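The values are calculated or read from the model by the stated rules, or taken from the named source; none is laboratory data. In this text the structure is predicted, and so the values were computed from the model without any measurement. Cβ placement follows ideal geometry from the backbone for every residue including glycine, while neighbour counts extend to all protein chains displayed. Heads up: the accessible areas ignore ligands, DNA and RNA and are worked out on the full protein's heavy atoms, side chains in. Shrake-Rupley method; radii C 1.70, N 1.55, O 1.52, S 1.80 Å.
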Amino acid sequence: MVPYIARRLLIAIPVLFGITVIDFAIINMAPGNPVDLMLDPNLPQEMLEARKELLGLNDPIWLQYWKWLLTLMQGHLGYSFSSFAPVTQLIAERLWPTVLLTAASMALGLAIAIPVGVASAVRQNSRFDYIVTGLSFVGTSIPQFFFGLALIYIFAVHLSWLPSGGMMTLGGDGGFWDRIRHMILPVFVLGVLIAGKKVRYVRAGMLEVLKQDYLRTAHAKGLHPFVVVNKHALRNTLLPIITVVGAEVPQLLGGSILIEQVFQWPGLGQLTIQSILSRDYPTLMGLNLVAALFVLLVNLITDVLYKAADPRINPNE
């Protein structure tokens, strides 16, 4: 397993390099100029040009990328064009809220999808199965921003049960229960979306496994149905579930950008929107690099979980 992980890490280096080249090109192709947003456009042209020269925006794009790469090799990500704070510091401040939101949402989505999907497969073509299938389509079809705004109106504005946004109450102590109350709505929105997608995968995987001969043999031996389903069938359904969960992470990061805006969650998604609007190139490059590293790490963890779920798999092949 260790040599396999080392090989994957070596492969990740050129992949990350290619990602940074593409990201840098796309970011610099976007219309607009950071200096035009930072300074009064009525200022003399000489002052605008001096600021562009100071930020290196007059250099050819390949030279701008080379300077950014040299900065990265020195262990930091440069400085923000808008706040002039270190990009590493900005990302570090926003990383934990995003990880907390996505991890809690994924845990909630899987906690709903796996047992409900298994029960739906076991009761195939029953009323329960039809209800679950219908609700899964509803969960994946509702736009996230609309669902989030609807929950804010019901539970925050109309009923005043939960806060409408933020990570903690302004002026409060920021205690555990205060943060839990702020997490309920955004986690529920993302969790419902994940559950709606995963229920169908779990159901389809269980239906395929339940048709296998070894499960009929287990039933014939008199094993309890609970043991047959949860010990034998579910274990063999985990592989496709792990694949789908690993592929869901990039989509979950993209979805969190929208949800963080709706609920004013102080994470990387909100920082991304702010950086796009201010044309903050160094911060955008840092955010893209962190997202790429996170996706590659999740893919590596997915391979390790494959081995844990099925010891017959040889990770060195």
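Brief remarks follow.
- Where helices (runs of 4 or more DSSP H) sit wholly within the range 83-195, those with at least 1 residues that are in contact (Cβ under 8 Å) with a residue 24 or more places away in the chain and either of a type in the set (Lys, Arg) or over 16 Å from GLU260 (Cα atoms) (or both) occupy 87-122, 127-141.
- Some residue of the range 84-98 being modelled with pLDDT of 85 or more, in contact with a helix residue (DSSP H, G or I) (Cβ under 6 Å, 6 or more places away or on another chain) and under 30 Å from LEU238 (Cβ atoms): yes
- Within the range 55-91, the only residue that satisfies the criterion of being of a type in the set (Phe, Trp, Tyr), open to solvent by 60 Å² or more (accessible area, probe 1.4 Å) and within 13 Å of GLY286 (Cβ to Cβ) is TYR79.
- Members of the range 281-317 found to be open to solvent by less than 40 Å² (accessible area, probe 1.4 Å), over 30 Å from ILE22 (Cα atoms) and either at pLDDT 75 or above or assigned to a helix (DSSP H, G or I) (or both), listed by number: ALA309
- Residues considered: ALA233, ALA218. Of these, the only one that is open to solvent by less than 60 Å² (accessible area, probe 1.4 Å), modelled with pLDDT under 75 and more than 20 Å from GLY117 (Cα to Cα) is ALA218.
- Single residue of ALA121, ALA107, ALA113 found to be of a type outside the set (Val, Ile, Thr) and either within 30 Å of LEU48 (Cβ to Cβ) or surrounded by fewer than 19 Cβ atoms within 10 Å (Cβ to Cβ) (or both): ALA107
- Among the residues listed as ARG8, ARG51, the single one being within 21 Å of ALA292 (Cβ to Cβ), open to solvent by 40 Å² or more (accessible area, probe 1.4 Å) and at pLDDT below 80: ARG8
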